[in-house]
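For reference, the structure is listed below as structure tokens.
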């Protein structure tokens, strides 16, 4: 008999930024790294003979919490990866849900029906996962192995191991980041000890517990931002209104604000590269804007966020991080190593938000009403 602990990776960027995180090789978040401390404690007194993980960064970093303290080597296997999402890989959940609402609902609730161009099906994922696990079991008879993998791939695997038909695999539910499932395998005999247990995590560190998309009937109610290029010919009024509102929010006056100059700069960026000026929407309702500039203050190594705005209706609802995620994704594709932005010293809530999400002050720049903090986040 071989005992296998299956572990979902710690919180990663896709979980926080609400993106279709399949084979996209993103980083763990700060909260994810804190989760690893508790995962390590959970396994401190559990004998583990071998540790395996998918070859994606978020799984490898999670596996380190187990194999490093125990002095064991790590065996990586691409067959333990998450689903590949094809045409929606690294797409914001808001865009994917808007463009393919039925398929995204299928993925969450009825994965046997999930079909998108270039994406894996539950059946192909089950085949490769089961093949990898069978080899792990064969290599560790009578021993205990830890396998770090991914949430949806693990759900598919558990359905296969337990004989749950693919059309009912949604009943197995979703697992919290770093949740552990324990299975004993002996030839054709399979014994589930427990599944999806995250008892080692404090409540305030849990990711899934703070979200509702995984609950039946709640996917459409989850606030996932959709990003689309802002049409300069149609959005002038909105943009100017939002610039003035942001200025008033910071300085309690419109004095010193030149919204037309801001608009001209935005149009220049948009004409050159439309993706630099993104309208943020919840379904079809405008909710804000994300303006990016590859040149200002960063040279070739950093991308700059020149305007990051949500309307009052959508503020303080944990949505701003999705705008950061969009900027990270776009600039990372271009080989940028950091994000930069300027924020007024008076804008204390924004400073707290940026610091919470990994930005630190690296300098100052002059603004209309005094000096601005120049902040940077490595990506």
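The values are calculated or read from the model by the stated rules, or taken from the named source; none is laboratory data. Note that the structure is predicted; figures quoted are calculated from it, not measured. Every residue, glycine as well, gets a Cβ built from its backbone with ideal geometry; the counts of neighbours run over all protein chains shown.
Going residue by residue through the stretch 57-65, is there one that turns out to be over 27 Å from residue 329 (Cβ atoms), modelled with pLDDT of 95 or more and surrounded by 18 or more Cβ atoms within 10 Å (Cβ to Cβ)? Please lay out each step first, then the result.
Our first condition is that a residue be over 27 Å from residue 329 (Cβ atoms); within the stretch 57-65, this holds for none.
The answer is no, given that none of the residues of the stretch 57-65 is over 27 Å from residue 329 (Cβ atoms), modelled with pLDDT of 95 or more and surrounded by 18 or more Cβ atoms within 10 Å (Cβ to Cβ).
Inspect the stretch 311-329 for any residue being touching a strand residue (DSSP E or B) at 6+ places or on another chain (Cβ under 7 Å), free of Cβ contacts under 8 Å to residues at least 60 places away in the same chain and within 21 Å of residue 228 (Cβ to Cβ) and give the result as yes or no.
yes
Please state which one of 149, 178 is on the phi > 0 side of the Ramachandran plot and touching a strand residue (DSSP E or B) at 6+ places or on another chain (Cβ under 8 Å). Steps first, please.
Values: 149 fails: on the phi > 0 side of the Ramachandran plot.
Going through 149, 178 in turn, the sole match is 178.
Hey, does the stretch 228-250 have a residue that's in contact (Cβ under 8 Å) with a residue 60 or more places away in the chain, in contact with a helix residue (DSSP H, G or I) (Cβ under 6 Å, 6 or more places away or on another chain) and assigned by TED's automatic domain parsing to the domain that holds residue 273?
Yes - at least one qualifying residue is present in the stretch 228-250.
Which ones in the stretch 137-154 are in a loop (DSSP other than H, G, I, E, B) and either in contact with a helix residue (DSSP H, G or I) (Cβ under 6 Å, 6 or more places away or on another chain) or closer than 16 Å to residue 186 by Cα (or both)? Full working, then the answer.
Initial filter on the stretch 137-154 (in a loop (DSSP other than H, G, I, E, B)): 140-143, 150.
Hits for the stretch 137-154 are 140, 141, 142, 143.
To keep it simple, each residue is scored yes or no on (1) part of a loop (DSSP other than H, G, I, E, B); (2) touching a helix residue (DSSP H, G or I) at 6+ places or on another chain (Cβ under 9 Å).
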position	(1), (2)
156	no, yes
159	no, yes
171	no, yes
176	yes, yes
182	no, no
185	no, yes
192	no, yes
195	no, yes
199	yes, yes
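May I ask you to say which residue of 36, 56 is touching a residue at least 60 places away in the same chain (Cβ under 8 Å) and closer than 17 Å to residue 179 by Cα?
Residue meeting the stated conditions: 36.
Is it the case that the stretch 255-266 has a residue that's touching a residue at least 40 places away in the same chain (Cβ under 8 Å) and over 24 Å from residue 328 (Cβ atoms)? I'd like the intermediate steps shown before the answer.
Initial filter on the stretch 255-266 (touching a residue at least 40 places away in the same chain (Cβ under 8 Å)): 256-257, 262, 265-266.
So of that shortlist, the ones also over 24 Å from residue 328 (Cβ atoms) come out as 256-257.
The answer is yes; a qualifying residue exists.
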